[in-house]
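Below is one structure; the comments refer to it alone.
The values are calculated or read from the model by the stated rules, or taken from the named source; none is laboratory data. As the structure is a prediction and not an experimental result, all values here were calculated from the model. Counting neighbours? That spans all protein chains shown, and the Cβs are built from the backbone with ideal geometry, glycine included.
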Amino acid sequence: MARKNLLKGFKKPKGITFEHSAVEPNYGKFIAYPFERGFGTTIGNTLRRVLLSSIQGYAVTAIKFTSFNEDGVPHLISSEYEQLPGVREDISDIIAALKKLQIQMPEDAEGTNLLIECKGPGVVTGAALERDQVEIINKDLVLFTMMDDANLEMEVQIDLGRGYVPSEINEKYIEEIGTIPLDATFSPVTRVKYSIEPTRVGYRSDYDKLIIEVYTDGTIVPQNALAEAAKIAKDYFQIFINFDESLISSNDEVDEEEERIRKILNTSVEELELTVRSSNCLKNANIRTIGDLTKKSEDEIAKTRNFGKKSLQEIKEKLKEWNLSLGMTDYSILKTAIKVPEHKEEENEA
C-alpha cells in the first residue's frame, strides 16, 4: 500500500484582499484564504479581540474650569456638579461631549495639556482644541454654548492609552485642586466583526475564508489598525516560538542568578503596569528598563516634567513588589534578596 504524506500541502493564505468603501471612509473589509479548517476562526477571533482592546489612541482624561466675573476675578469650579456661569449646559453634559472627541496626534506624542480661553456669546466646538500637534477629526462637535456674560478658561488634559480607564483610576494621579477626572476610552476602533465562509481549493471545499470588517473613529485607518493588531499578537506568540532559546541552560547556580538578575534589570518598565500618566513621564525621561529606573534617585525622578508625588509613590510601590527601590548602586545583594511577583517571573522565564 502506498504511503501518503498527510501533512503535505498545508494551506495558508498567500496574501490579503482589502476592500475600501468610498461611502464609509473609516470602514475596511479584509479577505484572506485559504486557511485549514478551524484556523479562520482562531485567527479571526484573536484579531478581533486585539483590535477592540489593545490599539492605542488619544482621549481627554481630565479637565479644569475657571470662570471670571465682570471684574475679572477668577473662580475655580470645584466639581462636575457646579454650574458654569454663563454656560447653557451642565458640566456633566460638557464631559459627555468631550468623551466623543476624536483626537489625532503625531505617532511619537505621549499627550498634551491645552488651555482654551472662551468668551461669550458663542458656541465652543471641537475645533477650539486644535493645535499644531493636535487634530480633532470631529471639529463640529458642540462642547457647550456660551451666553453674553460667559468668560472662562478650560484646561484639557489629553493622554495616550489603550482600552478603557475609569475616572477613579485617573483621579488617583490628580494633584491640582479643581481638576475633574474623566472616564477615558482610548480605542480608535469602534467595531469589529468577522465571518468564516467555506472555500474550495482544488478538489477540497472545506477550507476557511476569513472576512474581517473593521470600523474606526477616523483617527486611524482600518488597514493600519489591523496591521498593529497583528503585530501585537505576533509579539505574544513569539515567546512560544523561541521557547527553547529563552531557557537558561547553565547548571551553575551563580550564573543562573546573575542571568536572572540581568534579565530583570533589562525588563521594560511597562511590565510594572504603571498608569498611563506615570508611563508617559518615564518615556519622556528616556527611562526604558527597570535597571534604568532603579539607578535614578527620588530627586532625579521628581524633577521629571509633569511628574508628581502620587506618580512617585506609585513607582516606589511597584518596585517594592519586585524587592527593588530607587537609587540602587549595588545589585550584588539581589542574588539572594530579589523576588519577582509570581506572574512576572513566569513571563521572564518563559
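For the reader, a short list of remarks on this structure follows.
- The C-beta contact set for segment 115-131 (first residue under 16 Å from residue 94 (Cα atoms), second residue outside any loop (DSSP other than H, G, I, E, B) and among the aromatic types (Phe, Trp, Tyr), distance under 7 angstrom, 6+ apart or interchain) comprises 124/144.
- Every pair of residues 6+ apart whose Cβ atoms lie under 9 Å, when the first sits in segment 89-101 and is without any contact (Cβ under 8 Å) to a residue 40 or more places away in the chain while the second is loosely packed, with under 15 Cβ neighbours inside 10 Å: 90/81; 90/83; 92/81
- Yes/no for residue 175 being closer than 30 Å to residue 87 by Cβ, touching a Lys or Arg at 6+ places or on another chain (Cβ under 8 Å) and in a strand (DSSP E or B): no
- In summary, residue 291 fulfils each of the numbered conditions (1) surrounded by 17 or more Cβ atoms within 10 Å (Cβ to Cβ); (2) within 16 Å of residue 169 (Cβ to Cβ) with the single exception of condition (2).
- Scanning segment 178-215 for residues that are polar (S, T, N, Q), touching a Phe, Trp or Tyr at 6+ places or on another chain (Cβ under 8 Å) and either within 24 Å of residue 130 (Cα to Cα) or not in a strand (DSSP E or B) (or both) returns 185, 187, 190.
- Checking residue 221 against (1) crowded, with 16+ Cβ neighbours inside 10 Å; (2) closer than 28 Å to residue 312 by Cβ, the condition it does not meet: (2)
- Any hit, segment 13-26, residues being in contact with a Gly (Cβ under 9 Å, 6 or more places away or on another chain), outside the structural domain of residue 120 (by TED's automatic domain parsing), of a type in the set (Ser, Thr, Tyr) and not in a loop (DSSP other than H, G, I, E, B): no
- The selection criterion, being over 31 Å from the mean Cα position of the chain (by Cα), closer than 30 Å to residue 202 by Cα and either at pLDDT 90 or above or surrounded by fewer than 19 Cβ atoms within 10 Å (Cβ to Cβ) (or both), holds for residue 34.
- Evaluating residue 120 against the criteria (1) exposed (fewer than 13 other Cβ atoms within 10 Å of the Cβ); (2) over 23 Å from the mean Cα position of the chain (by Cα) leaves one unmet condition, (1).
- Unique residue being buried (at least 18 other Cβ atoms within 10 Å of the Cβ) and either among the hydroxyl-bearing types (Ser, Thr, Tyr) or more than 25 Å from residue 68 (Cα to Cα) (or both) when the list is 91, 103, 95, 137: 103
- Verdict on residue 84 being part of a strand (DSSP E or B) and either touching a helix residue (DSSP H, G or I) at 6+ places or on another chain (Cβ under 8 Å) or outside the structural domain of residue 180 (by TED's automatic domain parsing) (or both): no
- The single condition among (1) buried (at least 17 other Cβ atoms within 10 Å of the Cβ); (2) at pLDDT below 90 that residue 175 does not meet is (1).
- Considering residues of segment 267-287 that are modelled with pLDDT of 80 or more and not in a helix (DSSP H, G or I) only, the residue surrounded by the most Cβ atoms within 10 Å (Cβ to Cβ): 287
- Residue match in segment 140-157 (condition: crowded, with 18+ Cβ neighbours inside 10 Å, of a type in the set (S, T, N, Q) and assigned to a strand (DSSP E or B)): yes
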